[in-house]
1. Looking at region B:103-110, can you tell me whether even one residue there is within 17 Å of B:I132 (Cα to Cα) and modelled with pLDDT of 90 or more?
2. Restricting region A:28-58 to residues that are surrounded by 15 or more Cβ atoms within 10 Å (Cβ to Cβ) and of a type outside the set (V, I, T), which is nearest to B:A119 (Cα to Cα)?
3. Do we have B:R173 as assigned to a helix (DSSP H, G or I), more than 9 Å from chain A (Cβ to nearest Cβ), out of contact with any Leu (no Cβ under 6 Å at 6 or more places or on another chain) and modelled with pLDDT under 95 here?
4. Keeping to region B:139-157, report how many residues are acidic (D, E) and farther than 19 Å from A:H20 by Cα.
5. Would you call B:Q187 more than 22 Å from B:P110 (Cβ to Cβ), modelled with pLDDT under 95 and assigned to a helix (DSSP H, G or I)?
6. Regarding region B:24-39, can at least one residue be identified that is surrounded by fewer than 16 Cβ atoms within 10 Å (Cβ to Cβ) and acidic (D, E)?
7. Residues to consider are A:I7, A:I74; find the one that is modelled with pLDDT under 95 and more than 14 Å from chain B (Cβ to nearest Cβ).
8. Could you grab me the full set of residues in region B:123-145 that are among the hydrophobic types (A, V, I, L, M, F, W, C) and part of a helix (DSSP H, G or I)?
Amino acid sequence: MKTPEEIEKLSNAALNSLNHLQPAEANPFLFAKIKHKIIQQRQEAAATHIRLMFRLSAVLLLFIGINAGSFYVINKWQVAKPKTAKPIKTKSGVEAVSEEYFPTTNAYSY
Amino acid sequence: MTEEALINGLLKRDETAFKTVVDTYKNRIYNTVLGILQDADDAEDVTQDVFIKVYENIGKFKGEAKLSTWIYRIAITQAMDLIRYRNRKKRGGFILSLFGANKELLYEPPDFEHPGVLAENKEQSVILFRAINKLPENQKTAFILQKMEDKGQREIAEIMQLSEGAVESLLSRAKGNLKKMLSAYYQSL
């Protein structure tokens with residue numbers, strides 16, 4: 001068991017242990033390391049940018065592909081449809097007007 | 001090269017100016033960061049990051065303080081950020097370990113021997129650094145700037161953006177707390 005005086009002495013010695021401290025020296029190649037790190041960070045940033053652009057392009061391509069595909073499928077279906085449909089009978093303007101004013105059907109005769 | 005010329009050089013992305021800044025301040029910044037982090041590898045990494053920040057953010061330097069003061073501020077912020085990150089990881093790791101999810105060892109800084117301490121003081125300095133680690137952030141920063149960088153209260157006040165009175169109070173509280181911790185340690189032996 002230490003006396004209070006001894007504890008005080010030891011505490012003060014520890015507190016003063018940093019007196020006359022010699023400054024630690026940084027790595028002599030610090031500048032070269034910093035330069036390398038800056039280049040590495042730029043390359044990483046560029047790679048991230050490229051990856052992002054690649055993903056965006058892939059999404060855009062997929063979007064265009066889906067649109068082109070659906071356009072092709074719908075178009076094909078619309079071309080095939082007229083084969084089964086009835087031919088449309090074209091009317092001249094005079095025939096259309098006469099039909100409107102003098103209907104041949106008896107739909108309106110009560 | 002004057003400080004103004006250095007700043008202009010950095011703004012123009014001049015490599016010579018950047019090299020001069022690194023060579024002028026690297027030892028001071030490394031020492032401060034080493035005192036805060038108490039690990040040579042971490043201190044070197046943070047010192048590199050500090051100068052990268054200086055290079056990239058020189059446009060944000062308004063010239064209200066000296067360049068050295070601004071670099072010190074960046075260094076202290078970077079070092080403290082690393083400690084906060086480690087502590088967050090430690091707390092998160094502890095919570096996860098309660099659920100048995102994290103088998104990773106929690107971060108505990110090892111005993112630190114500063115390379116510049118006199119041989120006869122090595123043992124006491126290890127105990128002192130252990131106590132410094134337990135100080136609140138502001139007290140730790142002020143104490144390290146005074147003890148390791150030989151900074152005066154005015155300069156510490158500029159770096160920490162506090163009044164001189166506040167720095168004086170921080171230093172006195174830091175010394176008081178350290179004395180209490182050291183006494184408790186020697187009592188327990």
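1. Taking every residue of region B:103-110 in turn, none turns out to be within 17 Å of B:I132 (Cα to Cα) and modelled with pLDDT of 90 or more.
2. A:L30
3. Against the criterion (assigned to a helix (DSSP H, G or I), more than 9 Å from chain A (Cβ to nearest Cβ), out of contact with any Leu (no Cβ under 6 Å at 6 or more places or on another chain) and modelled with pLDDT under 95), B:R173 does not qualify.
4. 1
5. Taking the combined requirement at face value, the residue satisfies it.
6. no
7. On the way: A:I7 fails: more than 14 Å from chain B (Cβ to nearest Cβ).
Sole residue among the options that is modelled with pLDDT under 95 and more than 14 Å from chain B (Cβ to nearest Cβ): A:I74.
8. B:V126, B:I127, B:L128, B:F129, B:A131, B:I132, B:A142, B:F143, B:I144, B:L145
The values are calculated or read from the model by the stated rules, or taken from the named source; none is laboratory data. In this text the structure is predicted, and so the values were computed from the model without any measurement. Every residue, glycine among them, receives a Cβ derived from its backbone with ideal geometry; neighbour counts consider all protein chains shown.
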